[in-house]
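Asker: If you scroll down you'll find the structure; I have some questions about it.
Nothing in this text is a laboratory measurement; each read-out follows from the coordinates by a stated rule. Since the structure is predicted, the reported quantities are computational estimates derived from the model, not experimental observations. A quick note on method: Cβ atoms are made from the backbone with ideal geometry, for glycine too, and the neighbour counts reach across all protein chains shown.
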Amino acid sequence: MKRKVGPARPAPGMAGLRHPTQVIAVAFATAVIIGSGLLSLPVATESGERADFLDALFTSTSAVCVTGLIVVDTPGYWSTFGEVVILVLIQAGGLGIMTLATLFAVLVSRRLGLRARLLAQAETKSLTLRDLRRVIRNIVLFSLGTEAVVAVVLIGAFAVGHGEPLGRAAYDGVFHAVSAFNNAGFSLNDDSLMAYVADPWVSLTVCAAVIVGGLGFPVIFELHRAWRRPRTWSVLTRLTLGLTGVLLVAGTLVITLAEYTNPGTLGPLSASEKWLAGFFGSVNARTAGFNSIDVAAQGPESLLATDILMFVGGGSAGTAGGIKVTTFGVLAYVIWAEIRGEPDAKVGRRRIPGTNQRQALAIALIGVGVVALATFVLLCVSDYGLDEVLFETISAFATVGLSTGITADLPPAGRGVLIALMFVGRIGPLTLASALALRHRTRRYELPEERTVVG
């Protein structure tokens, strides 16, 4: 006699969650709450007093969402325990809560159910469910391995080049390596990395970690498999690499030339140091958040360029934020196809599906809408001008962490807006929308078509 097998029962506490992205949103929120609780402990501060809960919540959200915006000075306010908590939250947020949870399930039970695989797929942006355990393992090993290499280089730079004691150099090196690879932007220095503006050893190492972490795991793994066969690369890899290169070059040119004679930023540096600082600014504007020059002293031209770079962000399924270069690239190809009068948007010999085009348009417009609304609210609750507020909101939404210095002076309502922006920016506008939707709706009929005037 065969026994009928009904649908799997959801895990306790997840009964009302019908979509993997809902679980991801809840998992990130849970990590933020746990981090807030740990940072609220007296042992987490240098003074031994409990941190204000809003400050702890803001810092925890910024760490889990790998943003880097701060309302209190990280090295001066938080104790070693608090800094380690922040580091762990950065690592957890960078890898993805569901990736870590799935890896734990694999290690414990050696078995991976369909539900867990679906959750991991939604977080890692895998295109298939095949060999997902191997993919997750590779993600973790690659992340930790890259962080280890970066840490070793930075330890040598801090110890040899700047005379730090070996213990302190090791602590700083590991912290900044994890923060850089995960595009977090948290630093153990009061002025971020401004002390190393002329040091190519530190600056270029951090830039390399930021770029690799921001490319996205699917692109990195495809390059590992087929780096000698660029003709076989997927549209994702082509868009990511091509636009990353274009944005890095364009950002370097604009920032360097705009700030070349500014006495508050690049003016006092030599020519080679100016280009190094400009490149560093271009790299970190795309969601890393470290700065080697004073952002508050930058002119409006370079601030606008940074706004654009922050909003576009980095690669999909990586540690970067923003609307992603693939979204920007798809929209660019759609516009180009429309200008040329072609019926389809194509990248090389591949046609971009209509669903991808609609997703890219939705992500971009949702991003613009969220940033516009948040900017309006911050203008209402604070006394700062549009330039500073817009820069702050884009930085929070794109999980960058750069600031003109107004974050700590915002009222509680303004900090609450930034917390919401960082959370939405990390899990993604469409992911959040999917998490709120209880079920997919299908239409069993088609309406008559009618064209309207556009433009």
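Asker: Starting from the amide H of residue 347, placed 1.01 Å from N in the peptide plane, find each other amide H under 5 Å away whose residue is 5 or more places distant or on another chain.
Answerer: Correct list: 352.
Asker: What's the ranking of 223-229, 357-363 by average number of surrounding C-beta atoms within 10 Å, highest first?
Answerer: So the peptides 223-229, 357-363, ranked by packing, come out 357-363, 223-229.
Asker: Further, regarding this structure: What order do you get for 174-185, 268-279 when each peptide is scored by the mean count of other beta carbon atoms within 10 Å, highest first?
Answerer: 174-185, 268-279
Asker: If I take R0 = 56 Å and measure r between the Cβ atoms of residue 447 and residue 194 in this structure, what FRET efficiency does the formula 1/(1 + (r/R0)^6) give, to the nearest 0.05? It would help to have the intermediate numbers written out before the result.
Answerer: Details: r = 58 Å, r/R0 = 1.04.
Rounded to the nearest 0.05, the efficiency is 0.45.
Asker: Residues of segment 194-210 with amide nitrogen under 17 Å from the 7 Å Cα-to-Cβ point of residue 271?
Answerer: Correct set: none at all.
Asker: Hey, another quick one. With θ set to phi - 60° and the Karplus curve 6.51 cos²θ - 1.76 cosθ + 1.60, what are the ³J(HN,Hα) couplings of segment 217-233 in order, to the nearest whole Hz, using x for Gly and Pro?
Answerer: 5, x, 5, 4, 5, 5, 5, 5, 7, 9, 5, 8, 10, x, 5, 8, 5
Asker: Shifting gears a bit: May I ask you to order 255-262, 59-66, 87-94, 164-171 by the average number of other C-beta atoms within 10 Å around their residues, highest value first?
Answerer: The packing order, highest mean first, is 59-66, 87-94, 255-262, 164-171.
Asker: Could you give the length gained on full extension between residue 149 and residue 301, defined as 0.36 nm per residue of separation minus the Cα-Cα distance, in nm?
Answerer: Contour length minus the Cα-Cα distance gives 51.1 nm.
Asker: At 7 Å along Cα-to-Cβ for each site, give me the label-to-label distance between residue 351 and residue 137 in nm.
Answerer: Those two pseudo-labels are separated by 4.0 nm.
Asker: Something else now. Estimate the FRET efficiency between residue 223 and residue 162 by the formula 1/(1 + (r/R0)^6), using the beta-carbon distance for r and 30 Å for R0, to the nearest 0.05.
Answerer: Efficiency, from the Cβ-Cβ distance: 0.35.
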